[in-house]
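The values are calculated or read from the model by the stated rules, or taken from the named source; none is laboratory data. Quick caveat, the model's predicted, so the values are computed rather than measured. Every residue, glycine as well, gets a Cβ built from its backbone with ideal geometry; the counts of neighbours run over all protein chains shown. Accessible surface areas use protein heavy atoms only, side chains included; no ligands, DNA or RNA. Shrake-Rupley method; radii C 1.70, N 1.55, O 1.52, S 1.80 Å.
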Amino acid sequence: LPTWICQLPQVEEEWSTLTQTLEGHIGGVEAVAFSPDGRLLASGSWDKTVRLWDPATGAPTQTLEGHSGAVDSVAFSPDGCLLASGSLDKTVRLWDPATGALTQTLEGHSGGVRSVAFSPDGRLLASGSGDKTVRLWDPATGALTQTLEGHSGGVRSVAFSPDGRLLASGSWDK
């Protein structure tokens, strides 16, 4: 075709599906999670903070401070009323994402908390730690309900099945 004839549509040779880059943390970002309604995005960082963002605009809405170690995991409760953060400071913190208020600090792990997950009904919170255990908590009261032992290495990931009847844990013990 002659160079003056243009075929439509034209697509750039190099194009990206990236829609936004959210900047503000001063340390590496270890974890991200969307709220159930999709109106908030939480990020946990080596800068010891959790940041909340509006994913529609990319604007930061809040910075949650209180951890004394890197934040390695974040998870919203199924109803979106709580945000859990697990940290290398060996704690799990529960936040009200609407206000940014700290509601509880869950202590008991002897190693950094690497993963947190809510059960589908929101009645349990699981935390996996470098101390080789998984702990189950009542997020309403902050009470420890069970400590699950058996791994010979740190627990890096925890996840509930969709029906809430099973909990899976992944560890450095392979």
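What to note about this one:
- Solvent-accessible area per residue for region 64-174 (1.4 angstrom probe, square angstrom): 45 Å²
- Around the Cα centre of the chain, unit charges on the Cβ atoms of Lys, Arg, Asp and Glu (plus for the first two, minus for the last two) sum to a dipole of about 500 debye.
- Annotation: lysines with alpha-carbon distance below 25 angstrom to Lys174 (same-chain offsets under eight excluded): Lys90, Lys132.
- Around Leu106: net Lys/Arg minus Asp/Glu count, Cβ-Cβ under 14 Å: -1
- Taking the protein heavy atoms of the chain in the context of the full set of protein chains, the accessible area attributed to carbon and sulfur is 51 percent at 1.4 Å.
- Net charge, Asp72 excluded, C-beta distance under 13 Å - Lys, Arg +1, Asp, Glu -1: +2
- Among Val158, Val116, Val74: highest mean-square fluctuation, GNM of the chain, C-alpha pairs under 10 Å: Val158
- Modelled this way, with points 7 Å down the Cα-to-C-beta line, the labels at Val32 and Arg123 are 3.4 nm from one another.
- Overall form of the chain per C-alpha gyration tensor (a/c, 1.5; a/b vs b/c): prolate
- Count Lys and Arg as plus one, Asp and Glu as minus one, and take only other residues whose Cβ is under 12 Å from that of Trp53; the net charge is then 0.
- A simple spin-label model places the labels of Ala168 and Thr19 2.7 nm from each other, with each point 7 Å out along Cα-to-Cβ.
- Between Gly170, Leu88, Gly153, the Cα set farthest toward the positive side of the dipole of the chain (charges on each charged residue's Cβ, about the Cα centre) is that of Gly153.
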